[in-house]
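Student: First the structure, which I've put down as structure tokens, then a few questions once you've had a look.
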Amino acid sequence: MNKKFIIKMPLNNLTIKQAHEGLRKKEFSAVDLAMACLEQIKKIDKKVNAFINVTEEAALTQAKKVDEKIRRGEKIGGLEGIPAAVKDNILTEGVKTTAASKMLENYIASYDAAVVKKLKTAGMVLLGKTNLDEFAMGSSTETSYFGPTKNPWDLRRVPGGTSGGSAGAVAADECIYALGSDTGGSIRQPASLCGVVGLKTTYGRVSRYGLIAMASSLDQIGPLTKNVEDARMVLEAIAGRDEMDATTIKISKSNFKSQDFKNIKIGVPKEYFVSGMDRGVEECVKKAIKKLEELGAKIEEVSLPHAEYGLAVYYIIMPAEVSANLARFDGIRYGYSILGKGNPLQSPLNIRGEKGGLYEVYTHSRARGFGDEVKRRIMLGAYTLSTGYYDAYYLKAQKVRTLVKQDFEKAFQKVDCLVTPTSPTVAFKLGEKFDDPLTMYLSDIYTVSINVAGVPAISIPCGFVKNLPVGLQIIGKHFDEETILQVAQAYEEATEWHKMKPKI
Amino acid sequence: MKLTKEQVQHIANLARLELTAKEKEKFRDQLSSILDYVEKLKQVDTKEVAGTAHATGLENVMREDKITSASKEAKDKLLEAAPISEKGLVKTRGVFE
């Protein structure tokens with residue numbers, strides 16, 4: 001590789017592999033890499049608002065350690081010294097972890113999440129914590145207590161959500177890669193809207209220990225990267241059974257081997273291409289499917305008959321689990337509280353005839369600490385789990401969940417993976433969907449069924465509509481990340497979308 | 001279907017959220033329209049179907065029933081996060097007051 005070219009290109013624009021090669025060949029140092037990212041953050045983050053917290057000093061200290069290792073002639077791992085950003089709902093010890101909420105505005109994590117521990121061991125340089133919708137609830141990063149992140153491709157538009165900060169940071173080259181979390185599309189949809197790669201693994205592939213829980217049967221942590229091979233590298237570093245998360249599974253690598261592309265059968269679910277969908281998105285995705293066919297894959301139409309119920313299943317199960325998971329925010333042990341503020345609680349008598357008792361500590365701390373979307377979902381969940389409604393809503397949703405999952409399993413008897421659009425639209429304008437919750441929820445219509453079924457999926461750039469990115473979603477069998485990465489890589493190698501950068 | 005004011009108050013109690021009258025009206029409308037949307041699951045026949053709790057079918061993952069104590073350092077970090085603490089304990093309002 002032309003040495004002059006490497007030094008001229010801004011280091012923050014590199015991929016993980018390119019950065020690793022440069023470090024290995026001593027073309028630049030880990031501190032150089034970190035500085036380049038930090039410079040970019042200083043230059044543009046006031047406009048983009050991808051970061052809630054930048055940990056500059058710690059990042060440079062970590063980078064220096066890696067440089068010392070290189071100086072001593074020691075071999076470095078593929079992720080060592082590579083600057084990364086972590087979504088602010090993933091705990092990082094000693095560093096504020098806010099979930100983009102007033103409730104945790106000043107909360108300092110007392111331990112590292114399992115994925116953070118793994119990446120630290122692998123030598124990650126942590127640049128900072130990225131913005132998200134509050135408690136990972138939303139589809140645009142607009143519910144963040146710290147203001148929305150703007151899409152680097154058009155600062156008047158949303159980056160998608162809830163990992164909008166992570167997606168924006170990767171798209172704007174403020175970091176080399178980032179971590180996000182995905183419960184109903186929160187890695188894939190922002191990846192699609194920001195023109196980057198986003199991978200949600202099979203449920204149970206990556207530990208949720210240290211992820212601020214939203215919906216425990218749906219949440220997964222995953223990477224947002226500039227290309228597919230980077231996503232694969234991060235996946236390998238963070239996946240694995242964890243004692244601290246009983247829902248993780250040990251998988252032997254030999255289970256799935258890569259196949260000859262000419263033998264791959266790709267299914268296109270007919271329910272995902274409905275009349276009235278955005279024409280530009282439809283065109284890009286159909287062209288991408290044609291490209292896959294040109295590359296040798298066999299394309300087949302399939303049906304996921306319960307596709308139309310996926311969103312309803314999600315909006316019953318997820319809020320129910322949210323209501324249970326957010327019950328821990330009680331103003332007693334951590335987080336925002338009306339206690340300790342020196343003001344005696346002034347309030348009328350509550351239903352128990354008490355004035356300013358324990359009950360009020362809960363109700364007032366939570367009311368003031370949480371934003372509207374969080375309250376909506378907690379209440380939805382409380383209702384659907386309550387006596388008299390549990391069977392009609394939650395239990396029913398669990399059963400339809402089985403049917404949604406079976407749809408995928410049946411389809412995978414005929415094909416190896418599925419392709420669909422990731423998002424029904426390109427990035428919409430800030431404020432456009434904010435006032436109607438249901439309109440916002442429909443942004444996730446193509447992504448939620450994947451979490452409901454627990455299968456893996458990746459979103460990769462496949463085109464543009466009026467200079468706004470479009471994402472292609474590739475969905476795989478349970479634990480078959482290998483096939484979807486392979487298909488994604490083949491498409492990426494035959495196209496140039498992933499090389500395009502926004503002008504900020 | 002439209003939730004009644006009483007139902008919204010009941011839900012707010014269950015959720016331990018203090019809401020203003022204006023908020024109750026707003027959430028009443030929004031929750032009702034979301035519930036309308038999810039009603040469509042009634043159309044699905046689930047007579048012979050068992051529910052899915054864990055997407056990849058794990059059951060009963062156990063560990064040894066061993067108690068390990070946290071270090072003083074860890075305990076201190078946890079106490080630091082509490083709004084009021086006293087003598088190494090988190091302080092709360094009376095439960096039975």
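Student: Evaluate peptide A:357-365: per residue, the Cβ atoms of other protein chains within 10 Å of its Cβ; return the mean as an integer.
Tutor: On the way: counts 5, 6, 5, 3, 4, 5, 7, 3, 4.
Taking the mean over all residues of the peptide, I get 5.
Student: Across 5 Å bins from 0, what is the distribution of all Cα-Cα pair distances for segment A:125-257, in whole percents?
Tutor: Using 5 Å bins, I get a P(r) of 2, 12, 21, 23, 19, 12, 6, 2, 1, 0 for segment A:125-257.
Student: Also, quick follow-up: Taking 7 Å along the Cα-to-C-beta vector as the label spot, tell me the A:R279-A:K291 distance in nanometres, rounded to one decimal.
Tutor: So the two model labels end up 2.2 nm from each other.
Student: Further question: For the protein assembly as shown, what is the accessible area per residue in Å², given a 1.4 Å probe and the full set of protein chains?
Tutor: Per-residue value: 42 Å².
Student: Related question: For a test of the definition: using alpha carbon positions, the gyration tensor, and the 1.5 limit on a/c, classify segment A:393-441 as rounded, prolate or oblate.
Tutor: Oblate, since a/c reaches 1.5 and b/c is not below a/b.
Student: Order these peptides, A:189-199, B:44-54, by their mean beta-carbon neighbour count within 10 angstrom, highest first.
Tutor: A:189-199, B:44-54
Student: Are there any helices in chain A, counted as whole DSSP H runs, that stretch 15 Å or more along their axis by Cα and score at least -0.5 on average by Kyte-Doolittle, and if so which?
Tutor: Result, helices passing both filters: A:30-48, A:228-238, A:310-325, A:372-385.
Student: Further question on the same structure: Expressed as a whole number of Å, what is the distance separating the alpha-carbon centroids of segment A:427-501 and segment A:64-116?
Tutor: If we compute the Cα centre of each part, the gap is 26 Å.
Student: Now for a different question. Taking the Cα centre of chain A as the origin, how large is its charge dipole in debye, to the nearest 20, when only Lys and Arg (+1) and Asp and Glu (-1) carry charge on their Cβ atoms?
Tutor: Value, rounded to 20: 800 debye.
Student: Can you compute the charge dipole magnitude of chain B about its Cα centre, using +1 on each Lys and Arg Cβ and -1 on each Asp and Glu Cβ, nothing else charged? Give it in debye, rounded to the nearest 20.
Tutor: Numbers: 18 positive and 17 negative charges, 58 e Å.
In debye, rounded to 20, chain B gives about 280.
Student: I would also like to ask the following. From the gyration tensor of the Cα coordinates in segment A:1-157, what semi-axes in whole Å does the equivalent ellipsoid have, largest first, with each one equal to sqrt(5λ)?
Tutor: Its equivalent ellipsoid spans semi-axes of 29, 19, 11 Å.
Student: Under a point spin-label approximation (7 Å from Cα along Cα-to-Cβ), what is the A:I299-A:N263 distance to one decimal in nm?
Tutor: Each label point lies 7 Å from its Cα, and together they span 2.3 nm.
Student: Further question on the same structure: Would you mind classifying segment A:380-483 by shape? Square roots of the alpha carbon gyration tensor eigenvalues, ordered a ≥ b ≥ c; an a/c under 1.5 is rounded, otherwise it is prolate if a/b is larger than b/c and oblate if not.
Tutor: Oblate, since a/c reaches 1.5 and b/c is not below a/b.
Student: Tell me the angle of helix B:21-38 to the major Cα principal axis of chain B, expressed in degrees between 0 and 90 and rounded to the nearest ten.
Tutor: It is inclined by approximately 70 degrees.
Student: Please tell me which of these pairs span more than 21 angstrom C-alpha to C-alpha: A:K429/A:K499; A:K46/A:K503; A:K405/A:K477?
Tutor: Listed pairs above 21 Å: A:K429/A:K499.
Student: Could you compute the FRET efficiency for B:D36 and B:L79, with r as their C-beta to C-beta distance and R0 at 51 Å, rounded to 0.05?
Tutor: Here the calculated transfer efficiency is 0.65.
Student: In degrees between 0 and 90, to the nearest 10, how far off the longest principal axis of chain B does helix B:72-81 point, with axes built from Cα atoms?
Tutor: On a 0 to 90 degree scale, this one is about 50.
Student: For chain B, just say rounded, prolate or oblate: build the C-alpha gyration tensor, square-root its eigenvalues into a ≥ b ≥ c, call rounded for a/c under 1.5, and beyond that prolate if a/b exceeds b/c, oblate if not.
Tutor: Here chain B falls in the oblate category.
Student: Take every residue in peptide A:312-321, count the Cβ atoms of other chains within 10 Å of its Cβ, and give the average of those counts.
Tutor: Across the residues of A:312-321, the mean count of other-chain Cβ atoms within 10 Å is 3.
Student: Order the peptides A:364-371, A:173-180 from the highest to the lowest mean number of other Cβ atoms within 10 Å of their residues.
Tutor: Working: A:364-371: 21.1, A:173-180: 29.4.
Answer by packing, highest mean first, reads A:173-180, A:364-371.
Student: A further question on this structure: What's the ranking of B:68-80, B:29-41, A:486-498 by average number of surrounding C-beta atoms within 10 Å, highest first?
Tutor: A:486-498, B:29-41, B:68-80
Student: Between A:K499 and B:L89, take the C-beta separation as r, use R0 = 56 Å, and let me know the FRET efficiency to the nearest 0.05.
Tutor: Working: r = 58 Å, r/R0 = 1.03.
E between A:K499 and B:L89, to the nearest 0.05, is 0.45.
Student: Continuing with this model, one more query. Going out from 0 in 20 Å bins, what whole percent of all Cα-Cα distances in chain A drops into each bin?
Tutor: Here the calculated profile for chain A is 24, 57, 17, 1.
Student: Please give the average number of partner chain Cβ atoms lying within 10 Å of the Cβ of each residue in B:56-65, rounded to a whole number.
Tutor: Mean inter-chain Cβ contacts per residue within 10 Å come to 4.
Student: Using only helices, what value at 222 nm comes out for chain A when you add -39,500 (n - 2.57) per DSSP H run of length 4 or more and divide by the total residues, to the nearest 500 deg cm²/dmol?
Tutor: Calculated from helices alone, the mean residue ellipticity at 222 nm is -11500 deg cm²/dmol.
Student: What percent do you get for the relative contact order of chain A when only Cα pairs under 8 Å and 6+ apart count?
Tutor: 17 percent
The values are calculated or read from the model by the stated rules, or taken from the named source; none is laboratory data. Not measured: the values here are computed from a predicted model. Quick reminder, even Gly has a Cβ in these numbers, built from the backbone with ideal geometry, and neighbours come from all protein chains shown. For accessibility, only protein heavy atoms count, side chains too; no ligands or nucleic acids. Shrake-Rupley method; radii C 1.70, N 1.55, O 1.52, S 1.80 Å.
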